[in-house]
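To keep things clear, I will list the structure first and then write my remarks on it.
What follows is calculated from the coordinates using simple rules that are stated; it is not laboratory data. Source: prediction; values computed, not measured. Note: ideal-geometry Cβ built from the backbone for every residue, glycine included; neighbour counts use all protein chains shown.
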Amino acid sequence: MGEEKFGIQRPVDVLPNQELNLSRTVKYFPYPDSIEVRTTDDRGCGVFALQTITKGTILFREAPLIRVVTSSAADFYLWPELEKLTAVELDNYSKLSFHMGKVSAATFHNLRTRNQRNLKLKGNALHDQVEADARLFAIWKTNCISIDINDSALDGESGLFPFFSRINHSCDPNSDGHLDDCTKELNMFTTRDIQAGEEITHTYINLAKYKTKRQRAKQLKNWCFVCTCERCRVE
């Protein structure tokens with residue numbers, strides 16, 4: 001999501017929560033058997049209810065896997081944080097969806113210069129390493145969100161929450177999140193009753209501000225997809 005969000009396309013396939021290896025970041029599952037991650041036919045991965053979940057239920061509490069200072073030099077700050085990840089954490093991070101369009105020409109140039117200088121790479125080896133690094137940066141740009149209550153803060157932070165990143169957008173969402181300003185943990189809870197088999201969704205945009213389908217579609221271009229939720233289909 002991310003500052004923006006995602007994609008992968010395969011038939012539905014269940015990925016049990018324990019296979020996600022998110023024990024360090026997912027702090028709390030009051031109903032550990034109530035939700036699971038699956039791949040969908042058309043919207044990449046998503047989170048689905050395995051049983052009826054009532055309105056107001058906390059789905060999970062998650063700490064950010066990575067926190068980076070909000071800055072135009074985010075590519076500079078990101079690499080030291082990636083290097084702190086364990087092999088399992090980096091694997092979880094690498095499985096998140098991404099849009100390469102999020103990577104600017106300046107970032108590609110910085111990655112090329114960095115790998116030429118530090119690793120002495122050239123030719124195909126340089127190209128492959130730059131592409132691999134750009135993919136990691138694209139994952140960050142696609143999935144990170146602001147973790148500041150005051151979004152205008154110049155010295156603020158962005159964070160990436162792997163499990164939260166699996167929740168898809170809807171213009172009629174059934175969940176919402178609350179960010180703890182002290183711990184920076186994200187608490188996701190249901191905003192209405194959810195039935196077994198129903199997808200858990202939240203909104204990537206301010207629905208109170210962008211009320212028409214055209215307004216919402218314009219904002220969602222930042223996430224590189226056209227919304228096909230029920231609300232958008234009937235409007």
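Details
- Close amide H contacts of Thr70 (hydrogens built in the peptide plane, cut-off under 5 Å, sequence separation of 5 or more or a different chain): Gly156, Glu157, Ser158.
- Long-range Cα-Cα pairs in segment 147-235 (distance over 18 Å), rounded percent: 52
- Highest mean packing first, where packing is the average number of other Cβ atoms within 10 Å per residue, the peptides 139-146, 114-121 line up as 139-146, 114-121.
- Radius of gyration (Cα atoms) of segment 83-168, expressed as a multiple of 2.2 N^0.38 Å: 1.24.
- Annotation: peptides 159-170, 189-200, ranked by per-residue average of other Cβ atoms within 10 Å with the highest first, follow the order 159-170, 189-200.
- Given charges at Cβ of Lys, Arg, Asp, Glu: segment 146-234 dipole, positive-most of Cys227, Leu160, Leu179: Cys227
- Using all pairs of distinct alpha-carbon atoms, the Kirkwood hydrodynamic radius of segment 129-198 works out to 14.4 angstrom.
- This model, with +1 at the C-beta of Lys and Arg and -1 at the C-beta of Asp and Glu, gives segment 116-219 a dipole about its Cα centre of some 700 debye.
- A Förster radius of 35 Å combined with the Cβ-Cβ distance from Glu198 to Leu85 puts the calculated FRET efficiency at roughly 0.60.
- Rounded, prolate or oblate (a/c below 1.5 giving rounded, otherwise prolate when a/b exceeds b/c) for segment 61-116 by Cα gyration tensor: prolate
- Solvent-free Debye calculation, one equal scatterer per alpha-carbon of segment 71-225: log10 I(q)/I(0) at 0.14, 0.20 Å⁻¹ equals -0.85, -1.45.
- FRET efficiency, 1/(1 + (r/R0)^6) with R0 30 Å, evaluated for Ala217 and His127 via beta carbons: 0.25
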